[in-house]
Amino acid sequence: MTELDSNLTQDGFSLYRTGKVRRLTPTQFLVKTENEVGSFLVEVLEGDWKCECSNLGDCAHRHAAQLAATATSLRQPEDLNLKCRYCGSSDISGSGYRYNAYGISKRIRCNECHRKFSIKQSQPPNPPLPSETIWLLSEIGMILDKLENLIESLSRSTLDIPSSVK
């Protein structure tokens, strides 16, 4: 490998590492320029990688797109039989997690139709209480509040009694 190839590979890696590569289709990638002013389309045509930048030969954009393609193929979801819920494509990738009251869901992104969907990963930490239990707890809370007010008013009234009455 020559020094020029090594520099192009390192530049491509830095483009990939800083998140400047976006996958459009399985064979097309959009790579931002180094100064983030524009982007170049890098695609695989007849088995050869082509970049629309002015470099006729090898370029850092091509290396970044090749690295993104390789990394995407290595990062397969746990369930290999999983397909996109909308278009049925098996070309999918993980897209983070969703945390809410219903538990944790894994987000999946389809690389064909670019839609996202969730797969349930875990249940909520505490199962929700039945409505009867919630009603009973609220009634107990109101009763305790009334008892506290009654005790407070009784303690005030006993303190306010003049000593001549006793």
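The values are calculated or read from the model by the stated rules, or taken from the named source; none is laboratory data. Keep in mind that what you see is a predicted model, and the values were worked out from it rather than measured. Glycine gets a Cβ as well: all are built from the backbone with ideal geometry, and neighbour counts include every protein chain shown.
Any residue at all in region 54-77 that is over 30 Å from K120 (Cα atoms), at pLDDT 80 or above and part of a loop (DSSP other than H, G, I, E, B)?
There is at least one residue in region 54-77 that is over 30 Å from K120 (Cα atoms), at pLDDT 80 or above and part of a loop (DSSP other than H, G, I, E, B).
Quick check on this structure: which one of N111, N100, N149 is polar (S, T, N, Q) and modelled with pLDDT of 90 or more?
Result: N149 is the single residue among N111, N100, N149 that is polar (S, T, N, Q) and modelled with pLDDT of 90 or more.
If we keep just the residues of region 43-64 that are among the hydrophobic types (A, V, I, L, M, F, W, C) and loosely packed, with under 13 Cβ neighbours inside 10 Å, which is farthest from S95 (Cα to Cα)?
L56
Could you check region 9-18 and list, in sequence order, the residues that are surrounded by fewer than 17 Cβ atoms within 10 Å (Cβ to Cβ) and under 14 Å from A69 (Cα atoms)?
Result: F13, R17.
Is there any pair linking a residue in region 128-148 that is farther than 29 Å from N100 by Cβ and surrounded by 10 or more Cβ atoms within 10 Å (Cβ to Cβ) to one that is at pLDDT below 80 and of a type outside the set (G, A, S), with Cβ under 8 Å and at least six apart or on different chains, and which?
Short answer, once both residue conditions are applied: none.
Name every residue in region 19-42 that is without any contact (Cβ under 8 Å) to a residue 60 or more places away in the chain, part of a strand (DSSP E or B) and either of a type in the set (A, V, I, L, M) or surrounded by fewer than 18 Cβ atoms within 10 Å (Cβ to Cβ) (or both), in order of residue number. Quick ask: steps written out before the conclusion?
Start the filter on region 19-42 by keeping residues that are without any contact (Cβ under 8 Å) to a residue 60 or more places away in the chain, which leaves 19-22, 24, 27-42.
Remaining after also requiring part of a strand (DSSP E or B): 21-22, 24, 28-32, 39-42.
V21, R22, L24, Q28, L30, V31, S39, L41, V42, listed by residue number.
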